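I have placed the structure first, in the form of structure tokens, so that the comments after it can refer back to it.
The values are calculated or read from the model by the stated rules, or taken from the named source; none is laboratory data. Since we're looking at a predicted model, the values are computed, not measured. Virtual Cβ from ideal backbone geometry, glycine too; neighbours counted across all protein chains shown. Note: accessible area is taken over every heavy atom of the protein model, side chains too, but ligands, DNA and RNA are not part of it. Shrake-Rupley method; radii C 1.70, N 1.55, O 1.52, S 1.80 Å.
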Amino acid sequence: MPKDTAMSEKKISIERTLDRLSGNRQLSIRVYLIALLLYFAAHIMTVVMARTQGQMLVIMGTPIPYSTFTGVFSSLGNICIIIMVVFFNKIGLLTSVLLLLLQLPMMIVNFAVQNSPNSIPGLFNNLLTLVAIFFIYLNNREIEKNQKRMRDQAVTDSLTSLPNRFACTELMNDLMRRGIPFSIVSVDLDNFKSINDTMGHEVGDKVLIEVANRWKYLADSWGSGTIDFVARLGGDEYAMIIRGYHSNKDLVNTLKTYQAELEKKITIDDCDYYMGACFGYAEYPADADNTGVLFSCADAAMHEVKRLGGSNRILHFTADQIRTERTLEIERTLRMALETDSLFFRLQPQYDISRNLYGFEALARLKDTNGSLIPPAEFIPIAEKAGLIDQIDYRVFRKAAVFFGKLIHETDTPLMLSTNISVKHLMKNSFIDEMREILRTSNVPAERLSIDITESIMIDSAEKAVKCINEVRKMGVRVAIDDFGTGYSSLGYLNNFPADMLKIDKSFIDVMNSSESSKKYVSMIISIGHILNLQVSAEGVETQDQLDTLKKIGCDYIQGFVWGKPMDPSDAEDLANPSAV
Ligand code: C2E
Ligand code: MG
């Protein structure tokens, strides 16, 4: 396709879509010509009728002067003029003014030279029509301006001025209606959250705008060689609709062009940023023929690139990326386990740094129909999506607390029980009542219980979370920030977050001894924890070397395979009360 043709085709298609969305339908030039012709016909008839003085038309025996119809034809002419101004804006106004002004000299000559008083009403009619059409034109312009503003608001993203998801969906629908093949690309910026967290939202917004400007320029200037449409879907997610490519290689080249443009240095307020992104795409009609499914396919491909994490950041959708079958199977198993109360727990010991038993963490366990364990890393996110996580937390918490209540009363040991609470569960209004009920029925004193909350809530719903956590702590229950370091490790939040313990994520412990800087990093987390009056626990400690380092840098507690894997409650009982074995 020649470049110019393709460019204009692109514009027409996108404009057409946007116009259709705002209901802005222009009448065709044919209507303009018809109105013009009708006007001339009406004008001629007005003049003819005005000159038929005394002549009568007999209708059903009643004589009616022809001149009576002068007004009818004159009004018809005015209607044509109004139609032109209303539907053809500036062109309509100019034509109408010209037509009306052209009549003025004739009327003035009629009145002044031929002394014909018949011209006076016509003259007034003309002047009033002129005033009226100016008024209509100005009013119309105001309405159109508002309409355009509303249209823009409905179809554009206010931050970047790119088209939004709605415009993107409509363009896809339009292309599908016309049977034009295209590819929808889902794009997610890498590490954007960390820019927002470390540099603030203002800088984050500027980065999003800069990315949008670069990509828009590329799309509008035909920089990629294909016909592209770039939209922002929200947050750091963008979408592209690419067409006019001949092979998969062309399409990948186009995406590489966008990738290269993004990877160029971005300078904001004298700071340089280097961005990257994951691109996942799905094609119409090959992969799906429905906008919702196409979006999901492109998203699935994008998430897969993210998961793979290699140097290739562009991926085509394939059916195995949507693990619906497996997801559904796990969801079914979860529901069944809740129904039959077969969800169970294991307890992993936690020690102080001198290897005195400090307590246990209760971890949910689920078996599939063959009796094999499904890892929590797989079923917990599915439970969260399916809205089952609060029931899971509750069952694990209740069962573990009942067991633990008996254990501490039998052994009379000052042990602690930790349980994982999902953010969704914590935010539920019923959470505090549930906790009270469990503590009462299990006979576990509140101060022997600690809830692990993952760090991400500090950003996601900070205010509400802090309120809930304060209530929990008021009851005497302790709070630990779980997986510290993996989410939004902002010092500001940490300072304001009401917690008692910080659990350093396993990923930091894994690499801690690989370099001096990694060791310093963990040491720094421990120091900050202590400054903020938090106890610090290391998760996933597997080796003696790691233990030695943690001891040296002042870590308070240890949880890891080196001293104890998650175990059945009966083994935990033996561990807590060795004299009874
Ligand atoms: P978590 O709360 O950080 O729990 C610690 C996880 O690290 C456990 O995995 C434990 O088995 C594992 N772990 C501890 N020490 C070591 C080690 O030395 N090496 C290795 N390789 N792993 C170690 P698990 O049981 O698979 O649980 C994974 C995550 O699932 C938990 O991470 C927690 O976030 C979540 N989870 C588990 N049970 C529940 C629950 O009842 N409710 C909620 N909401 N989440 C849960
Ligand atoms: Mg935990």
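When both residues are 6+ apart or on different chains and their Cβ atoms are under 8 Å apart, which pairs have a first residue that lies in region 94-117 and is modelled with pLDDT under 80, and a second that is outside any helix (DSSP H, G or I)?
Here the result reads ASN110/SER116; ASN110/ASN118; PHE111/PRO117, each pair linking region 94-117 to a residue that is outside any helix (DSSP H, G or I).
When region 408-429 is examined, which residues are found to be more than 12 Å from ligand 1 (Cβ to nearest atom) and closer than 15 Å to ASN470 by Cα?
Within region 408-429, MET427, LYS428, ASN429 qualify.
Go through (1) at pLDDT 90 or above; (2) among the β-branched types (Val, Ile, Thr); (3) open to solvent by 40 Å² or more (accessible area, probe 1.4 Å) and name the single condition THR327 misses.
(1)
Looking at LEU218, LEU208, LEU128, which is the one that is surrounded by fewer than 13 Cβ atoms within 10 Å (Cβ to Cβ) and either in contact (Cβ under 8 Å) with a residue 40 or more places away in the chain or assigned to a helix (DSSP H, G or I) (or both)?
On the way: LEU218 fails: surrounded by fewer than 13 Cβ atoms within 10 Å (Cβ to Cβ); LEU208 fails: surrounded by fewer than 13 Cβ atoms within 10 Å (Cβ to Cβ).
Criteria check complete, one pass: LEU128.
Quick one: is THR52 modelled with pLDDT under 75 and either in a helix (DSSP H, G or I) or not aromatic (Phe, Trp, Tyr) (or both)? I'd like the intermediate steps shown before the answer.
Working: modelled with pLDDT under 75: yes; either in a helix (DSSP H, G or I) or not aromatic (Phe, Trp, Tyr) (or both): yes.
So THR52 fits the description; yes.
Considering only region 414-434, how many residues are farther than 23 Å from PRO376 by Cβ, at pLDDT below 90 and touching a helix residue (DSSP H, G or I) at 6+ places or on another chain (Cβ under 6 Å)?
0
Please report, ordered by residue number, the strands (runs of 3 or more DSSP E) entirely within region 274-355 with at least 2 residues that are within 30 Å of LEU575 (Cβ to Cβ). Reasoning before the result, please.
Details: elements: 277-284, 314-316, 344-352.
Filter on region 274-355 gives 344-352.
Residues that are assigned by TED's automatic domain parsing to the domain that holds SER342, within 38 Å of the chain's Cα centre (by Cα) and under 19 Å from GLN348 (Cβ atoms): which helices (runs of 4 or more DSSP H) entirely in region 362-472 hold 3 or more of them? Break it down into steps so the answer makes sense when it comes.
Numbers: elements: 376-385, 389-411, 423-426, 431-442, 457-460.
Once the helices (runs of 4 or more DSSP H) in region 362-472 are filtered for at least 3 residues that are assigned by TED's automatic domain parsing to the domain that holds SER342, within 38 Å of the chain's Cα centre (by Cα) and under 19 Å from GLN348 (Cβ atoms), what remains is 376-385, 389-411.
Could we say that ALA212 is within 29 Å of ASN173 (Cα to Cα), modelled with pLDDT of 95 or more and not β-branched (Val, Ile, Thr) here?
Values: within 29 Å of ASN173 (Cα to Cα): yes; modelled with pLDDT of 95 or more: yes; not β-branched (Val, Ile, Thr): yes.
Criteria met by ALA212.
Quick one: is LYS565 open to solvent by 70 Å² or more (accessible area, probe 1.4 Å), of a type in the set (Lys, Arg) and more than 30 Å from PHE344 (Cβ to Cβ)?
Answer is no for this residue.
With the requirement that a residue be within 16 Å of ligand 2 (Cβ to nearest atom) and of a type in the set (Gly, Ala, Ser), what does region 380-394 give you?
Result: ALA383, single match.
Given (1) touching a helix residue (DSSP H, G or I) at 6+ places or on another chain (Cβ under 9 Å); (2) part of a helix (DSSP H, G or I); (3) closer than 30 Å to GLY204 by Cα, where does GLN153 come up short, assuming only one miss?
(1)
Mind listing whichever residues of region 509-523 are open to solvent by less than 40 Å² (accessible area, probe 1.4 Å) and among the aliphatic types (A, V, I, L, M)?
ILE509, MET512, VAL522
What are the residue pairs meeting all of these: first residue in region 369-394, first residue of a type in the set (Phe, Trp, Tyr), second residue within 9 Å of ligand 1 (Cβ to nearest atom) and assigned to a helix (DSSP H, G or I), Cβ atoms under 8 Å, and 6 or more apart or on different chains?
Within 8 Å, the pairs are TYR394/HIS425.
Regarding LYS249, is this residue exposed (fewer than 15 other Cβ atoms within 10 Å of the Cβ), more than 17 Å from SER194 (Cα to Cα) and touching a residue at least 24 places away in the same chain (Cβ under 8 Å)?
On the way: exposed (fewer than 15 other Cβ atoms within 10 Å of the Cβ): yes; more than 17 Å from SER194 (Cα to Cα): yes; touching a residue at least 24 places away in the same chain (Cβ under 8 Å): no.
It is false that LYS249 is exposed (fewer than 15 other Cβ atoms within 10 Å of the Cβ), more than 17 Å from SER194 (Cα to Cα) and touching a residue at least 24 places away in the same chain (Cβ under 8 Å).
Count, please, the residues in region 395-417 that happen to be within 16 Å of ligand 2 (Cβ to nearest atom) and either open to solvent by 30 Å² or more (accessible area, probe 1.4 Å) or closer than 14 Å to ILE438 by Cα (or both). Don't jump to the end; show me each part of the working.
Filtering region 395-417 for residues within 16 Å of ligand 2 (Cβ to nearest atom) gives 396-397, 400-401, 404, 416-417.
From what is left, the residues that are either open to solvent by 30 Å² or more (accessible area, probe 1.4 Å) or closer than 14 Å to ILE438 by Cα (or both) are 396-397, 400-401, 404, 417.
The total comes to 6.
In region 519-553, which residues are assigned to a loop (DSSP other than H, G, I, E, B), among the polar types (S, T, N, Q) and away from ligand 1 (no atom under 12 Å from the Cβ)? Break it down stepwise before answering.
Initially, region 519-553 is screened for residues assigned to a loop (DSSP other than H, G, I, E, B), giving 532-534, 540-543, 553.
Next, only the ones that are among the polar types (S, T, N, Q) stay: 533, 543.
ASN533, the sole residue that qualifies.
Evaluate the following for GLN559: is it in contact with a strand residue (DSSP E or B) (Cβ under 9 Å, 6 or more places away or on another chain), closer than 28 Å to LYS406 by Cβ and within 12 Å of ligand 1 (Cβ to nearest atom)?
Details: in contact with a strand residue (DSSP E or B) (Cβ under 9 Å, 6 or more places away or on another chain): yes; closer than 28 Å to LYS406 by Cβ: yes; within 12 Å of ligand 1 (Cβ to nearest atom): yes.
So GLN559 fits the description; yes.
So that you can scan it fast, the table gives a plain yes or no per residue for (1) away from ligand 2 (no atom under 16 Å from the Cβ); (2) outside the structural domain of ASP568 (by TED's automatic domain parsing); (3) farther than 20 Å from ILE392 by Cβ:
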{"position": "TYR284", "(1), (2), (3)": "yes, yes, yes"}
{"position": "LEU294", "(1), (2), (3)": "yes, yes, yes"}
{"position": "VAL305", "(1), (2), (3)": "yes, yes, yes"}
{"position": "SER311", "(1), (2), (3)": "yes, yes, yes"}
{"position": "PHE317", "(1), (2), (3)": "yes, yes, yes"}
{"position": "MET336", "(1), (2), (3)": "yes, no, no"}
{"position": "GLN350", "(1), (2), (3)": "no, no, yes"}
{"position": "SER354", "(1), (2), (3)": "yes, no, yes"}
{"position": "TYR358", "(1), (2), (3)": "no, no, yes"}
